[in-house]
Amino acid sequence: MSGVLTPEGATPGSPGALERVSRRFKLVWSELGVGPHRLQLPELADPSAYIDERISQGHYGLTELPYWTKLWPAAMVLAQFALRLHKGEGPVLELGAGLGLPALVAAAGGRPVVITDLDPDALEFARAAAEKNGLGDLVEVSSLDWEAPDRELGVFSTILGAEVLYHPPIYPTLVGLLGRLLAPGGTAFISHQERPFAIAFFDLAQERFTVRRTTSRIGGGDEDEPVMVYLYALTAKQAA
């Protein structure tokens, strides 16, 4: 993704994204309440048309659809958890962030965050949301290729990821990435909607991390039926 620029010639996710996406897309702004915070998120007025266009242009394969265009129940659960993150404990990293709601909640609470994704438009929307909510000074937005992470990214004591387990072939890569980006004793919080195949990720992860799980039921699935969301905490094991 290195060298990719927006149609305006800017680096995806760089300052000014709010103006850029407002010019490029017809948007609908949704206001969400998460604890004491009222946040506005940009959504595509016609996401189906956007997806069809991107597929026709060859930007996506069957396993690379722009899932970031939807706010998933697991992101809401992780955003609620982000309310617990304390100010002054170093930056938070969000992986595969899409619209970046969990990281934005952490930023609204005073914690600096780094929002990452690989899709250039997702980076633009996440940065636009940060600017719309007056959080630009606390939010950095950056492209991240899980198979080739930038060594300058550093390590983090807290990593967030909502709905990053939808494609099992990436599980070994994600385990390796977490091992590389988590600071000693750090914890990654991974949320996902109930999917039986996702257990394979945690079978791999438990070799390197201590794994804990909580469950929540939340509305927002098909026909507004409540869905089960799992929130896992993966803490890096201390070297023997």
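Considering region 17-26, the residues that are over 19 Å from the mean Cα position of the chain (by Cα) and open to solvent by 40 Å² or more (accessible area, probe 1.4 Å) include one that is nearest to V141 (Cα to Cα), namely E19. From the list S30, S48, S56, S14, the one residue that fits, being surrounded by fewer than 18 Cβ atoms within 10 Å (Cβ to Cβ), more than 23 Å from L182 (Cα to Cα) and in contact with a Lys or Arg (Cβ under 9 Å, 6 or more places away or on another chain), is S14. Summed over region 5-34, the residues that are of a type in the set (A, V, I, L, M, F, W, C), part of a helix (DSSP H, G or I) and free of Cβ contacts under 8 Å to residues at least 60 places away in the same chain give a count of 0. Just so you know, in region 200-226 the residues that are surrounded by 15 or more Cβ atoms within 10 Å (Cβ to Cβ) and not hydrophobic (A, V, I, L, M, F, W, C) include one that is farthest from the chain's Cα centre (by Cα), and it is R208. When Y166 is tested against (1) open to solvent by less than 20 Å² (accessible area, probe 1.4 Å); (2) not in a strand (DSSP E or B), only condition (1) is not met. Being more than 22 Å from A106 (Cα to Cα), of a type in the set (A, V, I, L, M, F, W, C) and open to solvent by 50 Å² or more (accessible area, probe 1.4 Å) is a property that holds for F197. Which ones in region 121-163 are of a type in the set (V, I, T) and either out of contact with any Leu (no Cβ under 6 Å at 6 or more places or on another chain) or in a loop (DSSP other than H, G, I, E, B) (or both)? Selection gives V139, V155, T158.
If you take the residues of region 89-120 that are of a type in the set (D, E, K, R) and open to solvent by less than 10 Å² (accessible area, probe 1.4 Å), which of them is farthest from L71 (Cα to Cα)? Checked region 89-120; the qualifying residue farthest from L71 (Cα to Cα) is R111. Taking region 127-163 as the range and being out of contact with any Phe, Trp or Tyr (no Cβ under 8 Å at 6 or more places or on another chain), surrounded by 21 or more Cβ atoms within 10 Å (Cβ to Cβ) and charged (D, E, K, R) as the test, only R127 passes.
The values are calculated or read from the model by the stated rules, or taken from the named source; none is laboratory data. In this text, all values refer to a predicted model and were calculated from it rather than measured experimentally. Note that each Cβ is placed from the backbone with ideal geometry, even for glycine, and that neighbours are counted across all protein chains shown. In case anyone asks, the SASA skips ligands and DNA or RNA and just uses the protein heavy atoms, side chains included. Shrake-Rupley method; radii C 1.70, N 1.55, O 1.52, S 1.80 Å.
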